[in-house]
Amino acid sequence: MSIKGFQGTSLLDYPGRIASLVFFGGCNLTCPFCHNPTLVDRPEQHPDVDPEALLHELQERRRFIDGVVISGGEPTLAPGFLPFLRQVKGMGLAVKIDTNGLLPRVLEQALAEDLVDTIAIDLKTAPGRYGELHRGPVDLSALPRSIAVTLASGKECEFRTTCVPGLVEEADIHAIGATIRGAGKWMLQQFAPQYALCEELREVEPHAPEVLKSFAALAGGYVGEVGVRGI
C-alpha cells in the first residue's frame, strides 16, 4: 500500500479550514458503487508519490494550510500510515482521515497517540450486509468497534452514507442508525452512478431527492444532526 495522489490546497469537507488532500491506494472492500475504483482495484495505474517529497511539500505549505485530509482507497491499510500521521502532526498540522472503519486497531492506535483531529467513517449499508461489499470475507465485528472507539474519543466526527438503491433502503437506514445512535453528525450522500466500480450499477437510477429526504427524516431519530449532499 502506498501514497497514490496528492492535491494541493483546497477548500474541502474540513469545516472552515484549508487542507491538502492525500490519497492512499488499495482497499479491504470492493464496494460496487465505489467512486474511486482505480484506487481500489488497480492502484498500480497511479504512480507512487515519494513520501519524503510529499512531507517536504507539506512543510512548505504550512504557512497557508490548516491541515491534511487523508483518504483512499483505505488509508489505514498502509504500513506507513501511522508513521506518516506522526510526521504530519509533528509539523503542527491538523489531520482528518476518511476511513471505512474496518481496521479498528489502527484507528485505536492513532487515537491513543492523538494523531487525528477529525474522523469521517463511511457507513456503506446495514452492518450485517457488509459481506455483500467485498469479494472476500469481512469481519463484521470491526465496524462496530471502530464506531465505539470513535464516539468515545470525543474527536470531531462525521458518519457518511452513500444512498445506493438496493444497498441503502429504509430498513438499512434504521440498522445503520441503531449502530451510531447518539452520534453528532450523519451525512447522507446521493449516489453518482457514472463513477461506480461495477459497470451494472452505472445504469442504476439514483434515489429520487424526495427519497433521500425521507431517509434523512428517519436518520434524525438516531443522531443529533443529519445532512443530505448531492441533491
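Residues of the range 116-144 that are charged (D, E, K, R), within 16 Å of the chain's Cα centre (by Cα) and not in a strand (DSSP E or B): ASP117, LYS124.
The lone criterion from (1) surrounded by fewer than 14 Cβ atoms within 10 Å (Cβ to Cβ); (2) without any contact (Cβ under 8 Å) to a residue 60 or more places away in the chain; (3) closer than 13 Å to THR162 by Cα left unmet by GLY220 is number (3).
Taken as a whole, the range 36-51 holds no residue that is β-branched (Val, Ile, Thr), modelled with pLDDT of 85 or more and either closer than 30 Å to LEU140 by Cβ or open to solvent by 60 Å² or more (accessible area, probe 1.4 Å) (or both). Under the condition of being open to solvent by less than 60 Å² (accessible area, probe 1.4 Å), more than 27 Å from PHE33 (Cβ to Cβ) and either acidic (Asp, Glu) or out of contact with any Leu (no Cβ under 7 Å at 6 or more places or on another chain) (or both), the residues counted in the range 109-140 number 2.
So that you can scan it fast, the table gives a plain yes or no per residue for (1) more than 19 Å from GLY224 (Cα to Cα); (2) under 18 Å from the mean Cα position of the chain (by Cα); (3) assigned to a loop (DSSP other than H, G, I, E, B):
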| site | (1), (2), (3) |
| --- | --- |
| THR150 | no, yes, no |
| ARG160 | no, yes, no |
| ASP172 | no, no, no |
| GLY182 | no, no, yes |
| LEU188 | no, yes, no |
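Okay, residues lined up against (1) under 27 Å from VAL68 (Cα atoms); (2) out of contact with any Asp or Glu (no Cβ under 6 Å at 6 or more places or on another chain):
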{"residue": "THR99", "(1), (2)": "yes, yes"}
{"residue": "LEU123", "(1), (2)": "yes, yes"}
{"residue": "ALA126", "(1), (2)": "no, no"}
{"residue": "VAL149", "(1), (2)": "yes, no"}
{"residue": "THR162", "(1), (2)": "yes, yes"}
{"residue": "PRO193", "(1), (2)": "no, yes"}
{"residue": "PRO206", "(1), (2)": "no, yes"}
{"residue": "GLU210", "(1), (2)": "no, yes"}
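Inside the range 141-173, can you point out the residues that are of a type in the set (D, E, K, R) and crowded, with 20+ Cβ neighbours inside 10 Å?
The first filter runs over the range 141-173 and keeps only residues of a type in the set (D, E, K, R), leaving 145, 155-156, 158, 160, 169-170, 172.
Selection gives GLU158, ASP172.
If LYS89 satisfies all but one of (1) within 19 Å of ALA152 (Cβ to Cβ); (2) surrounded by fewer than 22 Cβ atoms within 10 Å (Cβ to Cβ); (3) basic (Lys, Arg), what's the number of the condition it fails? The one condition LYS89 does not meet is (1).
Please go through the range 102-115 and give me each residue that is in a helix (DSSP H, G or I) and either without any contact (Cβ under 8 Å) to a residue 40 or more places away in the chain or under 13 Å from the mean Cα position of the chain (by Cα) (or both), ordered by number.
Taking the range 102-115 and keeping what is in a helix (DSSP H, G or I), we get 104-112.
Hits for the range 102-115 are ARG105, VAL106, LEU107, GLN109, ALA110, ALA112.
The values are calculated or read from the model by the stated rules, or taken from the named source; none is laboratory data. Because the structure is a prediction, the values reported are computed rather than measured. Every residue, glycine as well, gets a Cβ built from its backbone with ideal geometry; the counts of neighbours run over all protein chains shown. Areas reflect the complete protein model, heavy atoms only, side chains present, ligands, DNA and RNA absent. Shrake-Rupley method; radii C 1.70, N 1.55, O 1.52, S 1.80 Å.
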